[in-house]
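A quick write-up on the structure given underneath.
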């Protein structure tokens, strides 16, 4: 679920689908360009992006972050799963 | 907001489409791979329970047909499911081929290859002497 409020967006990630360490990596990668933070709460993680002062579209930035997190998850999860399966 | 329209496992909701995926048929790694294949044309967010039901929320990056996008995602799911199944089926054979290739390389003195152009000779021995002249 994604919420937009003013110049900020808050994305809720399910830890069973998006591992918190992968989200941590994605947040770190984005932190050089945006004000961004990761909040871990039980089974969910929340990413808050502040795109104030940013010329780009905040909605696009938010969804691009989701895509980036998904790409990292695919790289981590699928590769390791195949390595285990194939020995 | 428009009333959602449900077609098979798809729910068209205005600017996005929700896909319900059964993880018993398409496990999470297949869902990741299918989503990854469409990242250039859609914004994708996954949710739900990897044991019960996975929900994929797809939003087109540029205007287009949401139903088509949902269909494409379903096709990708099937594509990667087949790929995984085949890959598991061929795992032993693949391993045997790789082992054979590695073993063959281990006994390179026994290999007699036709190397008329002297391509198998190490780079140094091929060029160092010529360079010295």
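Coordinate-derived values only; no laboratory data. Quantities reported herein were computed from a predicted structural model and do not represent experimental measurements. With ideal geometry, Cβ positions are generated from the backbone for all residues, glycine too; neighbour counts draw on all protein chains shown.
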Taking the stretch B:5-91 and dividing mean pair separation by its residue count, relative contact order in percent (alpha carbons under 8 Å, at least six apart): 32
Mean shadow area of the stretch B:5-91 over all directions, Cα convex hull, nm²: 5.6
Residue mean of other protein chain beta carbons inside 10 Å, B:38-47: 6
Peptide-level mean, for B:27-35, of C-beta atoms on other protein chains within 10 Å: 5
Area projected by the alpha carbon convex hull of chain A, averaged over all directions, nm²: 5.9
Fraction in percent of alpha-carbon pairs per bin - 5 Å, the protein assembly as shown: 1, 6, 11, 14, 14, 12, 9, 6, 5, 5, 5, 5, 4, 2, 1, 0, 0
